[in-house]
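The values are calculated or read from the model by the stated rules, or taken from the named source; none is laboratory data. Please read all numbers here as calculations on a predicted model, not as lab measurements. Methodologically, a virtual Cβ is constructed for each residue, glycine included, from the backbone with ideal geometry; neighbour enumeration extends over all protein chains shown.
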Amino acid sequence: MTFLVVNGPNLNLLGQRDPRLYGTLTLSELEARVQDRARDLGVEVEFFQSNSEGALIDHLQREAPRSQGVIINPGAYSHYSLALRDTLENLKVPVVEVHLSNIHAREPFRRHSVTAEVAKGTIAGLGWYGYVAALEYLVANAT
Ligand code: DQA
């Protein structure tokens, strides 16, 4: 079983980007924690990050069909990218949206996610652990 872990814009800057909101781990360190859990669970995870909406869409269209599920943090695209929303809506595999910070406790423009509307569920505010929890859910519910 293979799961995609997809991170959107500015998440390449984790570690140096407001650690009070986003934690102190770099993206590579975060991915290593997910990789460790995947190994324990006996599944494969493939990581991808881009700052570009088109690259995220191309990746999901190309790679998601051969995966068993997608974990995605769309970053700020969550709040307005109807193109990314359409891509996620068209996927046949389950999608879990993850936010490091609790977007519901932040600025009003962050409290709504257009992409979360087409996800199976959302985890927000649990930091890097949200990605691990999303993976555990997808593995437990994979057919
Ligand atoms: C984020 C929340 C978004 O509002 C923000 O634009 C991000 C990160 C999070 O993980 O908390 O880039 O998705």
Criterion violated by Asn7 - all others in (1) in contact (Cβ under 8 Å) with a residue 60 or more places away in the chain; (2) surrounded by fewer than 18 Cβ atoms within 10 Å (Cβ to Cβ) satisfied = (2)
Scanning region 106-143 for residues that are under 14 Å from Pro74 (Cα atoms) and aliphatic (A, V, I, L, M), the one surrounded by the most Cβ atoms within 10 Å (Cβ to Cβ) turns out to be Ala119
Looking only at residues in region 88-128 that are in a helix (DSSP H, G or I) and touching an Asp or Glu at 6+ places or on another chain (Cβ under 9 Å), which one is farthest from the ligand (Cβ to nearest atom)?
-> Glu89
Using the structure shown, decide if Pro19 is in contact (Cβ under 8 Å) with a residue 24 or more places away in the chain and more than 18 Å from Val96 (Cβ to Cβ).
-> no
Is it the case that region 45-67 has a residue that's over 19 Å from Ala119 (Cβ atoms), within 12 Å of the ligand (Cβ to nearest atom) and modelled with pLDDT of 95 or more?
-> yes
